[in-house]
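Readers should treat all values here as calculations from the given coordinates under stated rules, not as data from a laboratory. What you see is a predicted model; the values in this text were computed from it and never measured. Cβ sites come from the backbone with ideal geometry, for glycine too, and all protein chains shown count toward neighbours.
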Amino acid sequence: MELQHGIIILMGLAMILSAILAMVVKDLISSVVAVGVVSLFASIIYLLLQAPDVAMTEAAIGAGLSTLIFLYALHKTKDAEEEND
Amino acid sequence: MNIIHVIGFILMLIGFWGMLTQKNMIKIVLALAIVETGLQLVMVAFGFIKGRTAPILDSAELVNNPASMIVDPVPQALVLTAIVIGVAVNALMLTFVIRLYQKKKTLSITEYKDLKW
Amino acid sequence: MVNPLYIVAILLGTGFLLPLISKAGRRISLTVFFMSLISVSAISYQWLWSFLFGGQTAAMFYTAGVEPPLSINFLIGYKEAIFLTAVNFMGLVGAIYMSTQIKETGYKAMVLFLLMVLGLNGLILTADIFNLFVFMEITSIATFSLVGMDLKLNSLTGGFKYMIAGGLASVFLLLGIIILYSLTGTLGIESMSQYVLNVDNIKLLSIGSFLLIFSFIIEMKQFPANGWAIDVYDGANPGITGLASATGTAAVFYSLYKIMPIVSDEILSIIIFTGSLTFIASNLMGLMQTNPRRMLGYSSVAQMGLVMAAAAWSVFSQNDGIFFTSVLPLLLNHFFAKAGLFWISGIIKKNDYRNWGVIRENKVLSGIFIVMVLALTGMPPFPGFWGKWNLVLDLAANYEFFWIFIILLGSLFEAGYMLRWLGVTLKKTSEKDIIAYDSYKVLAIEIINITLLAVSFFYFFRQNQGHLSYYLPYTAGLALLGLRSLPERFKGVLALTSIFFYGYMFLPLQTGFVFFFNAMFIFGAFVLTIATLNRKKRSSTFYGLLMLMTGSLIAIANADNILHFFISWEIMTVTSYLLIRRGNESEKESYSYIMFSLGGAFLILSGFAYAYSQNPEFLSFNILSMAQESSAAAFILISLGFLIKSAALGVHIWIAGAYSKAEDDVTPFISALLSKAGIFGFVMLLLTMGIPKTEYIDLAYILSWVGALTALIGTMMAIHEENAKRLLAYSSMGQVGYIILALSIMSGLGWTAAMFQMINHFLIKGVLFLAIAGVIYRTGTADMYKMGGLIKKMPWSFTAVMFGIIAISGVPPLTGFGAKWLLYEALIEKGWYLQTGAAFFASTVAFLYCFRLIHAIFLGQPKNEFRNVKEAPAWFIVPQYIFIMVIFLFSVFPKLLIDQITGIVDPIFGSGLTWQGGTAITSLGYWNGTTVMTIVGVIFVVLAAGLFIKSPKVQKVKQFNIVFSAERPETPELTHFAYEFFRPYRRALGWMIAPYAKNFWAAVTEWTLTISDSLRKIYTGNTQTYIFYILMMSVVLFYVTVGVK
Amino acid sequence: MDNFWTTLLYAFLSMFLIFNYGMLLGGVVYKIIARVHGRFGPPVWQPYVNLVKVMGVRTAISHGIMFWLGPVFRFAGGIGLFLFMPVVFGSVWMQNFSFSGDLLLVIYFIFFGQLGMALGAAESGHPYSPMGIMRGLAQVTVSEVPFALAVIALAAQHGTLSITEIVAAQQGGIANWNMITNPVATLAGMMAFLGMMMHAPFNLHLAPQEIPVGPPTEYHSNFLGYMQANRAFFASAKLILFMNLFFGGATNIPVLVGKTFTLYMFAVFVGVVNPRFTLENSIRWFIRIPTATGIIAVLLYTF
């Protein structure tokens, strides 16, 4: 259990870091990816917390689908910007 | 309070901070997503009971005596719903962002202040 | 009974099928869409019916027979049925309103619409706190999408802000839910409210319930975390906004109400606090708005605050009755009126309320608009009135006076901007505009209007069981409003007949002051209505309003408890406002009138509430006398209200504008009759309560000075007016000042003087305002210096005015002297010498304006442009001479009138007056009106005859044929010296009439608006600012509720 | 009222007396003013001459009914004022019709003639008439205030508003006069009296008649006759009123003559030695000094 505890702390730190990173970086794609990383770590934590279905959902929807949607939105807004220029 | 609560709350605070400081609308939506992730962590942690197993009744032992063996399934069910809804809301927000972008060609939230006072 | 789960099934099913059905054509999909809404409404209506009449009890429903939390479970009770019916009904009507739009957008809009209705139904029905979250999200997502659907920039911006706020709210909601769940182990609302009692971790419990409630505080758009909501109301499509403002808030409110039993009293008081704060702050900010939709947004937010606070109060005080008598009417009032107004704003589409005069082009719509604005300002008989009334009385019974103050002040602010808006629309602007009246939209608004009226009358009858006969005086007015399309003069004759019959039937049944005032109102209204028969222009509402106002005056005099009194008072206020607003360019003046009147009405209400708090459960006037022990506060409040109505010094600034801008044949009603309502109020108040004794101040003494100074300053202002109607208005102010002074003496003689003076003023002001109306009718101006020399053209009017001014100035032998004589005798008897002096000064100064009035108009040189004017029409002359005949009757035989008065007054105060033949004798002096009249008459006739004999044939000098300083003026009409007639007086005594009160009220207005303006600047329009407010509010409230412990 | 006819007869008798007294008084005043100015002055019977002359002149024009009625109002006001007052205390025949009203009636009846006159003159169409009226009315309104306050003080002192009773209370020597017992009220009353008598410094409103326009010249012949006759009544009536209020009234005609003449002389002498006030000045003066005095007089009885 102590090991698990340590893992959780590590992952927590990683999540916090990438969350901060997501907010700090200028590049939107990087921050979308960083948020995806947060979700991914979260799903691992869920697994450790005996919540496998949540973990699966988080990984698929939170980390996967969500990131895709964000990227799509970025694409849409960038396109228009370029067309405009 | 255990460590996961702390992580979750820190994530939420980072998200709030992001929502307050980021000017880019997509980043604000991202920040909200971080808040939601943090929240979901907290929620699952509320249901977690040390030494218990997942609420999947895959053995006879569990079927016979679920209440003392498994972690609380309800928060997990809630979180599942919350995740789905959260993503749906985020997606909807992004469509709004895209539409707004088409109107004014900018993603800066400070440019959308026509409605005020 | 139909299982309410079918509601979900129908909506969800239709929602999923619609994309398929839409392939079959728009028409079919639209039919299916409406069918599903109709069937859902039918289900909820059926439930409501069986709760109302079928003795149905609350029932619980589970999906698939599984217990929660694994299934959806619905609880349907009486309240749920009401809310379901309301929401589904509104959903249906909203669909009608938006049907054109929906048809254009296609099935997507229908699906979203159905989903929204589904979410709303779920919110109301669910018995499970997590499902609450789910339905909340369904509602929100559907609403967001609908808001953004028209793809306009403002809709999108608003929608985005909305979503951010909604996202934050759901974060708090989920956090709250999970904490409460972890503590109680249940998600069922009812079981949770039981289990919370056993929770040990109080701190965590309060955190959890705080978070839960806080998310609702955001959803309910509470100040200051509500900027986003107002932006949504402003920016989104009015169809959606109306629907969201009505149904959305109703459903969210109800789900909040459901979870209130879970939370502790501290948190309930936080709800009450934020609700009240929102009510007053939002209404204050609304004052600076010019955009009607934004105005409605502020009003919506404020109303929700009030409703929420009232509901929390009902849970807090464990008084379920208040929910039905106050919370529900307040909510329904908002529900219908707000939806209707938002929808109207979707038709008129003007972003500045000042351009809303175009609504007059559509009579139906403008009528509905008036109804709805009046409903929102809480006028009777709309449900909002009952809600506020019952809430205020309940709060009073619990000594929550500060809250009453907040509610009334907030209501005043709200009335401030709503009525300003109404004022514009009551008159057609010259601006021509083509407005597309979508017939579906108009139909939907009409349905809402009819429902609002039905709900109003439901509450009206509910609250008035057994007292309906009291409303008899209004029937004529209502009937005339119904007969709006008849010819004008025919309606006038109907009005006359109805007044006559009412007097004939009911006057003999009355006694005492009630008889006295009734007789004055009925006789006065009858005579004054004759003058209105001269009207030629068609008006659909004039006679209806006039008779409603007359009816309200009669009803005030007949009122037997504070509720009836207050209802009539409010109806009088509103109808007189609408009548005054009929005048040209009367917007500003009538606005000032209604604001002061409403302020006065609220003061009266708070005074009643204070008296009520001493003896709850009674509504009769006796509570005023029973409250005597500590009644100074109640007395001061109520009398302030009456003083405002009587235009006492300091609160008089509305009077000249309102009197002068009203139509010329309406002003006599206002001056002669309406101003007596305040006097009746005083009579009622003093009879029941007396003038309470306080330790430090003598209220009677203060009141007497208020009366004396009102008389003096009113008169002083009258002499400097150039406008005849303004002059007479200030004269009325002065005359009413005497009445207040006389009433404050509280002796038989004083009250005799007051009543005599009142009758005198009633008769004279009737004559004078009618005569002036006739003059204005012919000359088209009320500026006196523009006239002159009209005596030759209008001898009848001149004679009437001459008698009028002799009577009003108190010169013997006409009635005015009797009034003055009685007043001074009473004052000296009482020992109030200085007040006597002030009143005397006022009465001498009155000569100046009297002379001014008659000289500037009738004497001196005529103006060229009025060389050919004719005498006023007989419709004006006849009523004047009816009054003059009465004046002469009472002048020659004052005993006739005084006996009537002393018959009422003496039993109360003891006799102050004895008679010896025709001589009235007081402890100080004596007066024989009959001999004075005879002597003066004889001397006058003898002298006149002598002169007549001495000067036989004379040549008439033309008015222009004059010579002075040995020169013949080339433009004799310019020699009419009338402008700024009493300039030296102003130079010498101008300091007395410096506009202190006007400046004071201007400053008050200015400050209020400045505060309003700076307060509303917190809504910067920046989404992040709004996020900041939400988060800050959570921190502050958290600290207040949880952190302190 | 039993002997209504006797009352009427007595009233006529007193009217006759007072008319002659007023006319002579007017003549004497002209003489005195002239002497103070260093002129010889007209004979004391000059007012009679004037009256006979104007009454003999026939009028040929009319400005209208109100113009015509103005002097009637004025004259009726003067006679009425006189008739509502008791003249000689204790005498049966000099009580007039004072039973029909008390002091308040008398005060208010002063306005009757003035208002009617104002209406009549205003109809003439001359711009100066209303100017004079305005000045007159404006001054009367303010000068009435201290007078009213003095009267209130008297009413408070004696507990009555009946003139007869007020006079009765002052009988028995000069020490009982209100002048002595209520000096402040008397002071206020006498200052008001100056204003009401319309001599300088408070005669601005008479100025228009000095330039060749205004009511008295516009009114000619019989109209003017009425007004001149009225002046006799009106002035005497006011003198009698003040005598009754402050100076113990009169128990017989010589006392009446003595007291009223002295009073009149007081007003005249004040007028002779004073320049004319402008209207504003006079209003301010009345509102300040006499009114303040009156308020003090009243306050003495309030506390």
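Which log10 I(q)/I(0) values, to two decimals, does the range D:4-302 give at q = 0.16 Å⁻¹ under the Debye formula with one point per Cα?
Each listed q corresponds, in turn, to -1.43.
So what is the relative contact order for the range C:699-994, in percent, with contacts set as C-alpha pairs under 8 Å and at least six apart?
With pairs under 8 Å counted, the relative contact order is 25 percent.
Under Stokes-Einstein, with the Kirkwood radius over Cα pairs standing in for Rh, what whole-number D in µm²/s applies to the range C:1-127 at 20 °C and 1.002 mPa s?
Answer, rounded: 143 µm²/s.
What fraction, in whole percent, of alpha-carbon pairs in the protein assembly as shown exceed 56 Å separation?
39 percent
Provide the gained length on full extension for the span C:D560 to C:L468, in nm with one decimal, where the gain is 0.36 nm per separating residue minus the Cα-Cα distance.
Here the segment from C:D560 to C:L468 would lengthen by 31.9 nm.
Is there a quick way to get the dipole size of the protein assembly as shown? I mean about its Cα centre, with the Cβ of Lys and Arg at +1 and of Asp and Glu at -1; what is the value in debye to the nearest 20?
Its charge dipole is roughly 5560 debye.
Over chain C, what portion of Cα pair distances is larger than 51 Å, expressed as a whole percent?
29 percent
What average number of partner chain Cβ atoms lie no more than 10 Å from the Cβ of the residues making up D:110-123?
6
Rounded to whole Hz and in sequence order, give me ³J(HN,Hα) for the range C:666-671 from the Karplus expression 6.51 cos²θ - 1.76 cosθ + 1.60, θ = phi - 60°, writing x for Gly and Pro.
The phi angles translate into 8, 3, x, 4, 5, 6 Hz.
Based only on other Cβ atoms within 10 Å, what is the fewest-to-most ordering of C:V493, C:V936?
Listed from fewest to most nearby Cβ atoms, that is C:V493, C:V936.
Among rounded, prolate and oblate, which fits the range D:27-98 when a ≥ b ≥ c are the square roots of the eigenvalues of its C-alpha gyration tensor, a/c under 1.5 means rounded, and a/b larger than b/c means prolate?
Here the range D:27-98 falls in the oblate category.
Using the number of other C-beta atoms within 10 angstrom as an exposure proxy, rank C:T1005, D:T291, C:T710 with the fewest first.
Sorted ascending by nearby Cβ count, the order is C:T1005, D:T291, C:T710.
Specify the angular offset, from 0 to 90 degrees and rounded to the nearest 10, of the alpha carbon long axis of helix C:202-219 from the longest principal axis of the alpha carbons in chain C.
Relative to chain C, helix C:202-219 is tipped by roughly 60 degrees.
So, how do all the Cα-to-Cα distances of chain A break down into 10 Å bins, in percent, from 0 on up?
Calculated P(r), rounded to whole percents: 18, 39, 27, 11, 4, 1.
What do you get for Rg/Rh of the range D:152-303 when both radii come from the Cα atoms and Rh is the Kirkwood radius?
1.02
Kindly state, as a whole number, the per residue volume in cubic angstrom of the convex hull around the alpha carbon atoms of the range C:384-450.
Looking at the range C:384-450, the number lands at 112 Å³ per residue.
Show me the ranking of peptides C:862-873, C:96-107 by mean Cβ neighbours inside 10 Å, starting with the highest.
Descending mean neighbour count gives C:96-107, C:862-873.
Show the residues, 5+ positions off or on another chain, whose built amide H is closer than 5 Å to the amide H of C:T694.
Sorted by chain and number, the residues that satisfy this are C:L699.
Starting from the Cα-Cα distance between C:T1010 and C:T105, subtract it from 0.36 nm times their residue separation and give me the gain in nm to one decimal.
Fully extending the segment from C:T1010 to C:T105 adds 321.4 nm.
For C:S191 and C:T475, compute 0.36 nm times the residue count separating them, minus their Cα-Cα distance, and round to one decimal in nm.
97.0 nm
Restricting to DSSP H runs of at least four residues, report the calculated mean residue ellipticity at 222 nm for chain C, -39500 (n - 2.57) per run over all residues, nearest 500 deg cm²/dmol.
-23500 deg cm²/dmol
At a Förster distance of 60 Å, what's the computed FRET efficiency of C:K958 paired with D:R288, Cβ-Cβ distance as r, to 0.05?
About 0.85, to the nearest 0.05.
Taking R0 as 30 Å, what's the FRET efficiency between B:I3 and C:S264 from their Cβ-Cβ distance, rounded to 0.05?
0.50
How far apart, in nanometres, would the label points at D:T6 and D:T181 be if each is projected 7 angstrom from Cα along the Cα-to-Cβ direction?
2.9 nm
When a footprinting reagent is the concern and you count Cβ atoms within 10 Å, what order do C:E695, C:E617, C:E414 take, fewest first?
C:E695, C:E617, C:E414
Of C:T85, C:L75, C:V111, which is farthest along the charge dipole of the range C:1-127 in the positive direction, counting Lys and Arg as +1 and Asp and Glu as -1 at C-beta?
C:V111
Obtain the radius of gyration and the Kirkwood radius of the range C:66-148 from its C-alpha atoms and give Rg over Rh.
Reported Rg/Rh (Cα atoms, Kirkwood Rh): 1.03.
Starting from the Cα of C:S620, step 7 Å along the direction of its Cβ; do the same at C:F506; then give the gap between the two resulting points in nm.
Using points 7 Å along Cα→Cβ, the separation is 2.0 nm.
Give me a comma-separated list of calculated 3J(HN,Hα) values for the range C:1008-1017, in order, Karplus coefficients 6.51, -1.76, 1.60 applied at θ = phi - 60°, integers in Hz, x for any Gly or Pro.
Ordered by residue, 3J(HN,Hα) equals 4, 5, 5, 4, 4, 5, 6, 5, 6, 5 Hz.
Rounded to the nearest 0.05, what FRET efficiency is calculated for D:Q171 and D:L13 with R0 set to 25 Å and r the Cβ-Cβ distance?
Calculated transfer efficiency: 0.60.
Once you charge only the Cβ atoms, +1 for Lys and Arg and -1 for Asp and Glu, what is the size of the charge dipole of the range C:699-994 about its Cα centre, to the nearest 20 debye?
Rounded to the nearest 20 debye, it is 900 debye.
Within the range C:32-52, list the residues whose amide N lies under 18 Å from a label point set 7 Å along Cα→Cβ of C:F16.
Counting only backbone N, you get C:33, C:36-37.
On alpha carbon coordinates alone, what is the Rg over Rh value for chain B, Rh being the Kirkwood radius?
1.17
Which residues in the range B:88-112 place their backbone N less than 17 Å from a point set 7 Å from the Cα of A:A60 along the Cα-to-Cβ direction?
Only B:88 pass the distance filter.
Rounded to the nearest 500, what is the 222 nm mean residue ellipticity of chain D from helices alone, with -39500 (n - 2.57) per DSSP H run of 4+ residues and division by all residues?
-24500 deg cm²/dmol
Counting partner chain Cβ atoms within 10 Å of every residue's Cβ in C:814-824, what's the average?
3
Karplus couplings for the range C:654-662 from phi (6.51 cos²θ - 1.76 cosθ + 1.60, θ = phi - 60°), rounded to Hz, Gly and Pro as x?
In residue order, the calculated couplings are 7, 5, 5, x, 5, 5, 7, 8, 5 Hz.
In debye, nearest 20: dipole of the range B:3-111 around its Cα centre with unit charges on the Cβ of K, R (+) and D, E (-)?
Around 700 debye, computed over the range B:3-111.
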